[in-house]
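The values are calculated or read from the model by the stated rules, or taken from the named source; none is laboratory data. Remember, predicted model here, so these are calculated numbers, not experimental data. A quick note on method: Cβ atoms are made from the backbone with ideal geometry, for glycine too, and the neighbour counts reach across all protein chains shown. With ligands, DNA and RNA removed, areas are computed over all heavy atoms of the protein, side chains included. Shrake-Rupley method; radii C 1.70, N 1.55, O 1.52, S 1.80 Å.
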Amino acid sequence: MTEFSQTDHPHRRFNPLTEEWVLNSPHRNKRPWLGKEEERNVSKLNSYDSGCYLCPGNERANGERNPDYKDTFVFQNDFSALLDDTYNNVPASHPLLKIAVPRGICRVVCFSPRHDLTLPQLSISKIKTVVDVWADQVSELGERYRWVQVFENKGDLMGCSNPHPHCQIWASDMVPNEPSKEDRSQKEYWKQNRKNLLLEYRQLESADGSRIVIENSGWLVVTPFWAIWPFETLVLPKRHVPRFPDLLPTEREQLADILKRLLTRYDNLFQVSFPYSMGWHGAPNGIADCNHWQLHAHIYPPLLRSATIRKFMVGYETLAEPQRDLTPEQAAERLRSLSESDFRLSEGKEK
Ligand code: H2U
Ligand code: ZN
């Protein structure tokens, strides 16, 4: 038998943040595809859409009118998944039928008045304005809620209901499943090693280099060793930063730079406005000792081989454990090889 190789032989990798395994099957890459192909979304949007409930001056579903905003615009979600004015906890009728009533609030953040410009199509200074809104929101809501989840669902494929570039913020008095797992695992790593798990990991990645996508002086972007989604990335500050509002002004500018570059590469990968879910995780509020926590963003894009072939999390993934064909190192290499100049600009020039 030949020697074991991570690029040829099936193996599992461990995610120390969630303490879950992912199956890597790189030898499956060559299999033919006769399955579902998504439609390539190439529709050109206008800078303003009179039918859009997020555009300036337009009416929303609840009858309220948006102001004529010039930069970002934050409003309370008219169909909030979490409510503040709700019931006290209700008793379970049986330990197998546990129930809890969370309190919370949901907001929507429009990135800019432009209906047609996604995050990487904005200037670095405009992206910095969005970054500042994230910090302000996490800070303000963090005074009242234990968890503030900032996330963007981008594209029809991710179930996004409106193309006007926006993200959501859901704040709650409970810490949801994913950050709870991360809190536990980082705490345990600190207890056992007196080291911050993700800072230690960031050093390993910097020394190795094979999973680095891009970096600047404040940030490192990698396809994590334990990635599940084909082109998943992890965005890490290089310094110890427990929560989003702890980012220094220079780090916020560097973040705007790294996001513009990374998301442009994503768009260039399959020459399409790249769909993904992106979200921020930082230390839950109310924890005094944050040595073990490191702020980070996860980006989970669903596309696999082209603009029209997506990865399905079904079958083995939902019944056993996540599985991937492309290794994270191969994904990083693909993303590294791409230009940081928006493909739409050269398409325009050719005409
Ligand atoms: P998504 O497209 O990612 O679902 O976000 C849009 C959000 O905007 C969604 O949560 C809210 C929806 O509840 N919304 C309003 O708050 N007001 C509206 O008039 C329509 C949609
Ligand atoms: Zn709009």
- Projecting the Cα atoms of Leu82, Ala307, Asn291 onto the charge dipole of the chain, where Lys and Arg contribute +1 and Asp and Glu -1 at Cβ, the residue farthest towards the positive end is Ala307
- Given charges at beta-carbon only (K, R positive; D, E negative), |dipole| of segment 137-261 in Debye: 340
- For the chain, the charge dipole (Cβ of Lys, Arg +1; Cβ of Asp, Glu -1; about the Cα centre) points to a positive end, and the Cα of Val131, Leu54, Ser339 closest to that extreme belongs to Ser339
- Interchain or long-range residues, amide H under 5 Å from Arg324's placed H: Leu23, Asn24, Ser25
- Env charge @ His298, Cβ radius under 13 Å, K,R +1 / D,E -1, value -3
- Check Lys311: other-chain or 5+ apart residues with amide H under 5 Å from its amide H, H built from backbone geometry? Leu303, Leu304
- Per-residue ellipticity at 222 nm attributable to helices in the chain (runs of n ≥ 4 DSSP H, -39500 (n - 2.57) apiece, nearest 500 deg cm²/dmol) works out to -8000 deg cm²/dmol
- Query: Is the shape of the chain best called rounded, prolate or oblate, per the rule: a/c under 1.5 gives rounded, else a/b larger than b/c gives prolate, else oblate, with a ≥ b ≥ c the square roots of the Cα gyration tensor eigenvalues?
  - Reply: rounded
- Let me know the charge dipole size of segment 227-323 about its Cα centre in debye, to the nearest 20, where only the beta-carbon of Lys, Arg (+1) and Asp, Glu (-1) is charged. 280
- Query: What pairs in Lys191/Lys260; Lys126/Lys191; Lys70/Lys311; Lys154/Lys238; Lys191/Lys238; Lys154/Lys195 have C-alpha atoms more than 31 Å from each other?
  - Reply: Lys191/Lys260; Lys126/Lys191; Lys70/Lys311; Lys154/Lys195
- Would you please give the residues with an amide H less than 5 Å from that of Phe73, counting only those at least 5 places away or on a separate chain, with H modeled from the backbone geometry? Cys110
- Item | 1.4 Å probe accessible area per residue over the chain, in Å² | 50
- Pop out the carbon and sulfur fraction of the accessible area of segment 103-197 as a percent, whole number, probe 1.4 Å. 48
- Which shape class applies to segment 249-336: rounded if a/c is under 1.5, otherwise prolate when a/b exceeds b/c and oblate if not, where a ≥ b ≥ c are the square roots of the Cα gyration tensor eigenvalues? oblate
- Query: Say the dipole of the chain comes from +1 at the beta carbon of Lys and Arg and -1 at that of Asp and Glu; which of Gln192, Gln168, Ser206 then lies farthest toward its positive end?
  - Reply: Ser206
- Message: Need one value: the accessible area of Arg305 in square angstrom, 1.4 angstrom probe, rounded to the nearest 10.
- Response: 90
- With the contact rule set at Cα under 8 Å and sequence spacing of 6 or more, what percent relative contact order holds for segment 202-351? 32
- Task: Just check segment 100-247 against the gyration tensor rule for me: Cα atoms, a ≥ b ≥ c as the square roots of the eigenvalues, rounded for a/c under 1.5, and otherwise prolate or oblate depending on whether a/b exceeds b/c.
- Result: oblate
